[in-house]
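Notes follow the structure.
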Amino acid sequence: MPFVHNVDPRWIEDLYRRWRQEPAQVSEDWRAFFAGFALAEESGVCPRSCVDPEFALKQSGVQSLIYRYRDIGHLLACTDPLNPCPIRHPLLDLANFGLTTADLDTVFHTRRFHKPHATLREILEVMQQTYCRSVGVEFMHIQDPDERQWLKDRMEGTRNRPAFSPEEKRTILEQLLRAGLFEQFLHRKFLGQKRFSLEGAETLIPVLHSLVTAANRRDIRDLVLGMAHRGRLNVLANIFHKPLETIFAEFQDNLQYAFVGDGDVKYHKGFSCDIPPVGRHGLHLSLASNPSHLEAVDAVVVGKSRARQDYYGSGGEAVLPVLIHGDAAFAGQGMVAETLNLSQLEGYAVGGTLHIVINNQIGFTTAAPEARSTYYATDVAKMLQVPVFHVHGEDPEAAVHAALLALDYRNRFAKDAVLELICYRRQGHNEGDEPVFTQPLMVEKIKARPPVHELYARRLEEEGVARHEVEALSAAILEGLEKALEGRQPQPDGGFHGKWKDIRREFSHADAVETAVPAERLRELAARLARVPRDFVLHPKLEKFLEQRHMAVEKGEGIDWANAEALAFASLLAEGHAVRLSGQDSRRGTFSQRHAALFDMESGTPYLPLATLAAGGARFDCYNSMLSEAAVLGFEYGYAIESPQGLVIWEAQFGDFANGAQVIIDQFIVSSGSKWDRMCGLVMFLPHGYEGQGAEHSSARIERFLQLCANDNIQVCYPSTPAQFFHLLRRQLKQPFRRPLVVFTPKSLLRHPACRSRLAELSAGRFREILADADVAAERARRVLVCSGKMFFDLAERRAALQREDVALIRVEQLYPLRRDLLAEVLKPYAQVSEIFWVQEEPRNNGAWAFIAPHLARVLGRHVGYIGRPEAAAPAVGSHRLFKEQQEELLEAAFGSGKATTNRHE
C-alpha cells in the first residue's frame with residue numbers, strides 16, 4: 001500500500017498550522033519540508049493550494065525516491081556484459097513513494113538536487129541516467145555529507161557520462177586495439193604458453209592510460225602499481241612500454257644472461273619507466289614485482305608509496321598508489337582488509353589508494369556464489385566509507401570516466417576509491433586450461449561476445465569514424481608487433497640507480513666496517529635523550545627511567561639493551577640516516593623497555609626525544625601498528641626497498657607471531673633478491689626466549705629462518721649483549737650492501753643484571769659474529785659448550801654456581817651467514833677437547849641445531865653432541881613447573897650430569 005494511504009491528511013494539516021504559528025513546534029525534518037513548500041510558493045512554482053496533505057506526501061515521496069536511487073540505483077545498473085540488463089527493481093517502483101505515472105509531468109520542489117524544482121519525469125531521467133546505466137555507484141554509506149554532495153554534483157551534473165572529444169575517443173580506441181591485438185598476437189605466436197591473458201578485460205588498458213595521463217597533468221611524480229599475473233604482460237607492454245623484444249624473448253626463453261640469481265616467470269616481474277612531462281616533473285611509473293600469492297603485494301605497494309612520499313616530503317600529492325585486484329581475491333584474501341585498514345592510520349596513510357577490481361566473474365573454476373558471501377566482490381571496501389564504482393567492462397568511456405572521477409575523489413579527500421570492471425575471462429585460468437568443463441554456460445556466452453575493441457570500433461564508426469582509419473591503426477600495431485618479434489633484445493638495465501647507486505649488489509663479510517662511536521659523542525646524545533621540553537609533565541617513573549639511562553652512559557657501565565638501542569638510533573640519526581620503527585606496541589615496547597614516545601601526563605601530547613636528534617634531512621618515526629603482522633610487515637618491506645640509506649625496522653610483539661606474515665617472509669623478504677634483483681635492508685626484531693610462557697610466547701622459530709637461508713640472502717643474528725646489538729644495528733647501514741636482517745631480541749634479558757655493557761664496548765670495536773670465552777683458558781677446558789643468545793646467560797650462571805673453570809662457552813652471534821672461518825679460529829685452541837656440544841633451549845627439531853650441526857662437524861672434523869629439549873610438536877610446554885624441570889635437566893646435562901644429552905655422535 002502506498003505511503004500516502006497510511007497517513008491521515010488531517011494530521012498533516014495540523015502539523016502545517018503549528019509550523020506556521022511557531023516552526024519550533026515541529027521536528028527538524030518537517031520544518032525543512034514545510035520551508036521548502038513556502039519557498040516554492042513564493043517563487044511561483046506551485047500555488048498555495050499545493051500544500052495540501054496528499055501533495056505534501058507526494059512531495060515527500062519524491063525526495064525519498066531521489067535518495068533511494070542514489071542509495072540502490074546501482075542494483076538497476078547495466079554493468080554485466082554476460083547477462084541481460086535489469087529493467088526494474090521493486091524498491092524503485094513509483095508506487096513505493098506514493099507516486100504514479102500521472103505525476104510524471106508534475107513539478108516538485110527538490111533538495112540537494114541540481115535544480116531547485118523539476119518534474120518527476122525529469123527527476124527520474126536524471127536519476128536513471130546517472131545511476132542505472134553503465135556505471136553503478138555505491139556511495140550513500142559515506143557519512144561525511146561534504147563527500148556525498150561532492151559525488152552527487154560530479155555525477156548528476158554529467159549523468160555519469162561526460163562528452164569525450166573525438167581525439168579522446170580515438171585514444172581510447174587505440175588503447176583497446178593495442179590491448180586486444182597484443183593478446184591475439186601472443187596467442188598465435190606462442191600457442192599454449194601461459195600468459196594469463198587480459199582478453200575480456202581489455203578496458204583496463206584505456207583506464208590505466210587515462211590515469212597515467214591525468215596523474216602526469218596533476219604533477220604527481222610517481223605512480224606505483226601493484227597487480228597479480230592476469231593481464232600483467234599487457235600492462236607491461238602498453239602502459240609501461242617494456243620493450244616488446246624483451247617480452248617476446250622471455251616467451252622464447254632466450255634471456256640467458258638478463259637476470260641475476262634465480263629469476264622468475266615473466267608474469268611476476270616488475271618494471272619501471274619514465275613518462276615525459278606534461279606538468280612540471282614528468283611521471284615515474286613503477287610496477288612492483290610480486291609472487292603468485294594473490295594480494296600479497298598490496299601492502300608492499302602502499303609501503304613503497306609512503307616511503308617515496310616521505311622522501312619528497314609532500315604526502316599523497318606526489319605519489320599515487322594503484323592496486324589491481326581480481327574479484328575472487330579481493331573478496332577472499334585477508335590481506336585486502338588489512339591493507340584497507342592501514343589507509344587512514346598515521347604511520348601508514350598514503351593519501352588514498354586507487355583500487356581497480358577486474359571482475360571476470362570466476363576464480364579459476366570457482367563461481368561467485370562459491371567464492372563470497374557478499375553481493376559484490378568489493379563489499380569489504382565499504383568499511384572505509386569510500387565510493388565504489390561498478391562499471392560495464394565493455395563500455396570503455398564509462399570506465400575511463402569512473403576512473404578519473406575516482407582519482408579526483410582520492411586527490412580531493414585523501415581516501416581510497418574503488419573501481420570494479422565487470423567483465424569476463426575469454427580463456428581459461430591460463431592458456432592451457434579448459435574452462436568449459438566447469439563453466440559450460442558461461443563459456444558459450446563468452447564465445448558469442450566480440451572483442452571489446454571491435455565493439456568500440458563499431459560504435460565510433462556509427463559516430464562517423466571511417467572504417468579505413470580503424471583498419472590502418474590496426475595494421476600499424478600489428479606491424480610493430482611483427483618487427484619486435486624479429487628484432488634484437490635490448491641490453492637489460494642493470495639496476496641500482498638513483499638512491500641505490502652507492503649500494504653494492506654483492507654480499508661481502510663486513511670485517512672492515514667501522515661501527516664504534518666516540519664516548520663523548522655518546523654521552524652528548526644520551527644527555528639530549530634525557531631532556532624533555534620545559535613545560536612537559538613527565539610521569540615520575542619515566543623521569544627516573546630517563547635519569548638512570550643517562551647516568552649509565554655517564555658512568556660508562558650498566559648500559560642495558562634498550563639504552564644501547566636508543567644510542568644506536570641516536571647516533572645514526574645524528575649522522576643523517578632516517579630510522580623508522582613500526583610494530584604492535586613498539587612506541588613503549590611490548591615489555592615496557594623502550595619508551596620512544598613520552599606522553600605529557602596532563603595533555604596527553606606525545607614527545608619523541610629521538611626525533612630531535614635527526615640531522616641532514618633525516619627523520620625518526622616510531623609507530624604503533626594495527627594488530628596485524630602480514631600487512632604491516634609487507635608495508636615495511638615496501639618502505640625498506642625504497643630507503644637504502646635508512647634503518648627500517650618491523651618489530652613483532654612476540655617473535656612467535658611472525659608466522660602470521662609467513663607469505664611476506666617467504667615470497668618477498670628472503671627471496672626478492674634472487675627472484676627479482678630487489679635488495680632491501682629491512683630489519684626484523686623478533687622477541688625470543690624460553691621463560692615458561694607457553695608455546696605462543698617463547699619461540700620466533702629460529703629453525704624456519706635458517707631453512708630459508710641460501711646464497712647470502714639474509715642475515716640471521718642472535719646477539720647476546722647490548723654492545724653487540726648496538727654494533728649490529730649500526731653495521732646494517734655501514735656495510736656496502738643491503739640484506740634483510742633478522743634479529744632474535746630478548747625478553748627477560750632486557751632487565752637481567754648480567755646483560756649489561758660498558759660504554760667502552762660501544763665506543764670501540766665492532767659486531768663480532770663469534771664470541772670466544774674470555775673467562776676460561778683454553779688449556780684448562782675439558783668441555784666446550786657452543787650456544788647462542790639467551791642460553792649463554794643460563795650456562796654462565798650455572799658455571800659460576802658450580803665453579804666449573806673447565807667448561808668453555810662459545811657464542812655464535814650470527815647464525816647466517818655463518819662465519820665458519822671465525823668459528824674455526826675460536827675453536828682451534830680446543831682441538832684436543834673431546835666433549836664439545838651444541839646447547840640450545842629450543843626442542844631438538846627447533847632452534848639452530850639442524851642448521852649448525854653439519855657446520856660444526858665440518859669445522860671440527862667430527863660430529864658434536866646435542867644438549868637441549870627433545871623433539872616436540874609445540875615449541876614450548878604450557879606448564880611453568882614442567883618448563884623449570886626441563887630447564888634444570890638441560891643445565892645438568894650441559895655440565896655433565898643430566899639426561900638431556902642425547903646421541904652425541906650423530
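What FRET efficiency, computed as 1/(1 + (r/R0)^6) with R0 = 56 Å and r the Cβ-Cβ distance, is obtained for Glu346 and Ser165, rounded to the nearest 0.05?
That pair, Glu346 with Ser165, gives E of 0.85.
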Legend entry - the stretch 665-762, relative contact order in percent, only Cα pairs under 8 angstrom and at least six apart counted: 38
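Lys and Arg at +1, Asp and Glu at -1: add these up for the other residues within a Cβ distance under 15 Å of Glu125 and post the number. Don't jump to the answer; show the numbers that get you there.
Details: positive: Arg70, Lys115, Arg121, Arg133, Arg159, Arg161; negative: Asp103, Asp105, Glu122, Glu156.
Counting the neighbours of Glu125, the net charge comes to +2.
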Inset, instruction - Treating cross-link reach as a plain straight distance, find the lysines whose alpha-carbon is under 24 Å from the alpha-carbon of Lys499, omitting any fewer than eight places away in the same chain. - result: Lys242, Lys269, Lys304, Lys675, Lys734
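Order the following by accessible area, largest value first: Met791, Met442. Probe radius 1.4 Å; ligands, DNA and RNA are ignored. Please report the intermediate quantities before stating the final value.
Working: Met791 5, Met442 45 Å².
These residues rank, largest area first, as Met442, Met791.
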Inset, instruction - From largest accessible area down, sort Cys78, Cys423; use a 1.4 Å probe on the protein chains. - result: Cys78, Cys423
Legend entry - Positive-pole candidate from Phe389, Ala368, Ala596, dipole of the chain, charges at beta carbon: Ala596
Inset, instruction - Work out the length of the dipole vector of the chain about its Cα centre, built from +1 on the beta-carbon of each Lys and Arg and -1 on the beta-carbon of each Asp and Glu, and round it to the nearest 20 debye. - result: 1640
Legend entry - Segment His863-Thr605, length gained on full extension (0.36 nm per residue, minus Cα span): 87.0 nm
Legend entry - Among Thr119, Thr130, Pro206 - extreme Cα towards positive end, dipole of the stretch 112-211, charges at beta-carbon: Pro206
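With only Lys, Arg, Asp and Glu charged, each at its Cβ (+1 for the first two, -1 for the last two), find how big the charge dipole of the stretch 108-194 is about the Cα centre; round to the nearest 20 debye.
Details: 16 positive and 12 negative charges, 71 e Å.
Computed about the Cα centre, the dipole is about 340 debye.
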Legend entry - Within the chain, helix-based [θ] at 222 nm, where runs of 4 or more DSSP H residues each add -39,500 (n - 2.57), nearest 500: -12000 deg cm²/dmol
Legend entry - Unit Cα scatterers, Debye sum, the stretch 282-350: log10 I(q)/I(0) for q = 0.16, 0.20, 0.22, 0.27 Å⁻¹: -0.56, -0.84, -0.98, -1.27
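What does the charge count near Glu805 come to, summing +1 for each Lys or Arg and -1 for each Asp or Glu among other residues with Cβ under 10 Å from its Cβ? Mind dumping the intermediate values first?
Working: positive: Arg780, Arg782, Arg799, Arg804; negative: Asp775, Asp806.
Its environment carries a net charge of +2.
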Inset, instruction - In debye, nearest 20, what is the charge dipole magnitude of the stretch 288-343 about its Cα centre with +1 on Lys and Arg Cβ and -1 on Asp and Glu Cβ, if you could check? - result: 180
Inset, instruction - Two decimals is fine: what is log10 I(q)/I(0) at q = 0.08 Å⁻¹ for the chain, from a Debye sum with one equal scatterer on every Cα and no solvent? - result: -0.86
Inset, instruction - Mind checking which lysines have their Cα closer than 23 Å to the Cα of Lys447? Skip sequence neighbours fewer than 8 apart in that chain. - result: Lys189, Lys194
Legend entry - the chain: antiparallel DSSP beta bridges as a percent of all, rounded to 5: 25
Inset, instruction - Kindly work out what percent of the DSSP beta bridges joining two residues of the stretch 571-647 are antiparallel, to the nearest 5. - result: 25
Legend entry - Beta bridge orientation in the stretch 191-335: antiparallel %, DSSP, nearest 5: 35
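Counting only C-alpha contacts under 8 Å and six or more residues apart, can you give the relative contact order of the chain as a whole percent? Present the calculation step by step, with values, prior to reporting the outcome.
Values: 1707 pairs, mean separation 87.1, N = 906.
For the chain, the relative contact order is 10 percent.
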Legend entry - Where labels lie 7 Å past Cα in the beta-carbon direction, separation of Val265 and Arg121 in nm: 5.8
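Where does the charge balance sit around Ala631 when Lys and Arg score +1, Asp and Glu -1, over other residues with C-beta under 13 Å from its C-beta? Present the calculation step by step, with values, prior to reporting the outcome.
Details: positive: Arg306; negative: Glu295, Asp298, Glu338, Glu629, Glu636.
Result for the local shell: -4.
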Legend entry - Alpha-carbon radius of gyration plus Dmax, which is the widest Cα pair, for the stretch 661-783 in Å: 16.7, 52
Legend entry - Cα lying deepest toward the dipole's positive end in the chain, options Tyr312, Gly157, Cys755, charges on Cβ: Cys755
Legend entry - Accessible surface of His89 - all protein chains present, 1.4 Å probe, nearest 10 Å²: 40
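The values are calculated or read from the model by the stated rules, or taken from the named source; none is laboratory data. Note that the structure is a prediction, hence the values are computed from the model and not measured. Don't worry about glycine lacking a Cβ; one is built from the backbone with ideal geometry, like all the others, and counts go over all protein chains shown. Surface areas here come from the heavy atoms of the whole protein model, side chains and all, with no ligands, DNA or RNA. Shrake-Rupley method; radii C 1.70, N 1.55, O 1.52, S 1.80 Å.
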